Amino acid sequence: MNRVAIVGYSTTKFQKSADKSVYELACEPSMVILGSSRIPANKLEGLLFSSCSHDLYGGAITSEMLGVNPKITCRIDNLCNSGTVAISTAYSYISSGLCNSVLVVGAEMHNSPGSKLIWDVSRGHFTSPIYWASVFAKMHMREYGTTEEDMANIAVKNRSSSVSNPNAMFNKPITLEDVLNSRKLVDPIKLLDCSALCSGAASVLLVSEDLARNLDVQPVWIDGIGQQTNCASVAHAIPNIFEKGSSKSAASHAYEMARMKPSDIQVAEIHDAFTIMEIMAYEDLGFARAGKGASYALEGNIAVNPRGGILGCGHPIGATGIAQVCEIVCQLRHEAGMRQAGTCNVGLVHNLAAAGTSATVMILRSE
């Protein structure tokens, strides 16, 4: 099986709205990568487009707009982890030998149809993701004594980090009091416990090992990928979520493939669409014991969400997972400037979809 490296990455600034089409957004980071890559555009063999927009045939449309003619194009939609599913698909194409280079681009508008889960009849009228965040928060509080202050600490931490990220939607810090006094939307979730939907795009270029060795760029290797889909509806996601959640399984597979353990991770991008989700992720990923995620947020030894996470950056659904990978690549190449998390060389990406019914965990490593 061929090894696969990421040799290019780019992210647009995430904004509340955009006066461009989803394809124009997709072209922005892609053109940056193609313009700086030593791979001629006419030699690009695959392009995967990650988005939850209504627009169809997105891979081919984006390819034409970029002036490339890849062997393989397709659009991938898996709600909030569309981006990492697309990257995993590109990895499969390259490791199998079907392609030696694949550009993965994610783009989304702020009014994406992926923000409402109207197909899930088990939700009744409660189609917004905030309702399952409320359920998980109440469960964690009852089971482990987690408090609203514990969740608020996550928002304060991540918004503090986003100050150093010029592409983040939010560039001002907030206080614990700001979070606790923000409007309560669905008990116990408050406005500042929530990420904000936005417009944005991100892109990464994956290549085979042979091609990576011939490029004058530092490769970041994809050492481990774990994916798990437990169900689609929130009704089936809730039972045993702390014992058998999709993140636990995905993490286990990724660690096994990479031949690593949680203590090997030095920097991580965690899916913090709501503050409670980051606390749960610490436990699912093996960084903290069950019930200790809240304290790990304050005392842990891994740099988590240095770009500001989803809470600080915003959430362009189809681009989010790719933007997370971009940040880890940036960190492992030591190109993050003010937000650089030391001399790290192993990083993890954790990306969820639809109440955590499915998850992707990726482990990346630089040489």
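Answer with yes or no whether residue 206 is open to solvent by 20 Å² or more (accessible area, probe 1.4 Å), at pLDDT 95 or above and either in contact with a strand residue (DSSP E or B) (Cβ under 6 Å, 6 or more places away or on another chain) or closer than 25 Å to residue 288 by Cα (or both). So residue 206 does not fit the description; no.
The single residue among 63, 96 that is touching a residue at least 60 places away in the same chain (Cβ under 8 Å) and over 21 Å from residue 325 (Cα atoms) turns out to be 96.
Looking only at the stretch 252-269, decide whether some residue is within 24 Å of residue 135 (Cβ to Cβ) and not small (Gly, Ala, Ser). There is no residue in the stretch 252-269 that is within 24 Å of residue 135 (Cβ to Cβ) and not small (Gly, Ala, Ser). Report, by residue number, each residue of the stretch 248-301 that is among the polar types (S, T, N, Q) and either open to solvent by less than 30 Å² (accessible area, probe 1.4 Å) or closer than 23 Å to residue 345 by Cα (or both). Hits for the stretch 248-301 are 252, 263, 266, 275, 301.
Okay, residues lined up against (1) at positive phi; (2) touching a Lys or Arg at 6+ places or on another chain (Cβ under 8 Å); (3) among the acidic types (Asp, Glu):
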residue: 307; (1), (2), (3): no, yes, no
residue: 313; (1), (2), (3): no, yes, no
residue: 320; (1), (2), (3): no, no, no
residue: 342; (1), (2), (3): yes, no, no
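The set of residues in the stretch 66-87 that are touching a residue at least 40 places away in the same chain (Cβ under 8 Å) and open to solvent by 10 Å² or more (accessible area, probe 1.4 Å) comprises 77, 78, 79, 80, 85. Filter the stretch 54-72 down to the residues that are more than 16 Å from residue 104 (Cβ to Cβ) and part of a loop (DSSP other than H, G, I, E, B) and list them by number. Across the stretch 54-72, the qualifying residues are 54, 55, 56, 57, 67, 69.
So how many residues does the stretch 14-27 have that are assigned to a loop (DSSP other than H, G, I, E, B) and open to solvent by 80 Å² or more (accessible area, probe 1.4 Å)? Break it down into steps so the answer makes sense when it comes.
From the stretch 14-27, those assigned to a loop (DSSP other than H, G, I, E, B) are 14, 16-21; that's our starting set.
This time we only want the ones that are open to solvent by 80 Å² or more (accessible area, probe 1.4 Å), so: 16, 19-20.
Residues that pass the stated criteria total 3.
Of everything listed in (1) surrounded by 24 or more Cβ atoms within 10 Å (Cβ to Cβ); (2) over 23 Å from residue 106 (Cα atoms), the single unmet condition for residue 351 is (2). The single residue among 355, 288, 268 that is at pLDDT below 95 and either part of a strand (DSSP E or B) or within 18 Å of residue 137 (Cα to Cα) (or both) turns out to be 355. May I ask you to list the residues in the stretch 179-198 that are open to solvent by 50 Å² or more (accessible area, probe 1.4 Å) and either touching a Lys or Arg at 6+ places or on another chain (Cβ under 6 Å) or small (Gly, Ala, Ser) (or both)? If the condition is that a residue be open to solvent by 50 Å² or more (accessible area, probe 1.4 Å) and either touching a Lys or Arg at 6+ places or on another chain (Cβ under 6 Å) or small (Gly, Ala, Ser) (or both), then 184, 191 are the ones that fit.
Can you name the residue in the stretch 210-227 that is assigned to a helix (DSSP H, G or I) and open to solvent by 50 Å² or more (accessible area, probe 1.4 Å) and, of all such residues, is farthest from residue 3 (Cα to Cα)?
Among those that are assigned to a helix (DSSP H, G or I) and open to solvent by 50 Å² or more (accessible area, probe 1.4 Å), it is 213.
Name every residue in the stretch 129-153 that is part of a loop (DSSP other than H, G, I, E, B) and either more than 25 Å from residue 112 (Cβ to Cβ) or at pLDDT 95 or above (or both), in order of residue number. Of everything in the stretch 129-153, those that are part of a loop (DSSP other than H, G, I, E, B) and either more than 25 Å from residue 112 (Cβ to Cβ) or at pLDDT 95 or above (or both) turn out to be 145, 146, 147.
The values are calculated or read from the model by the stated rules, or taken from the named source; none is laboratory data. Every value quoted in this text rests on a predicted model; they were computed, and no experiment measured them. All Cβ positions, glycine included, derive from the backbone under ideal geometry; neighbour counts span all protein chains shown. Keep in mind that these areas ignore ligands, DNA and RNA; they rest on the heavy atoms of the full protein, side chains included. Shrake-Rupley method; radii C 1.70, N 1.55, O 1.52, S 1.80 Å.
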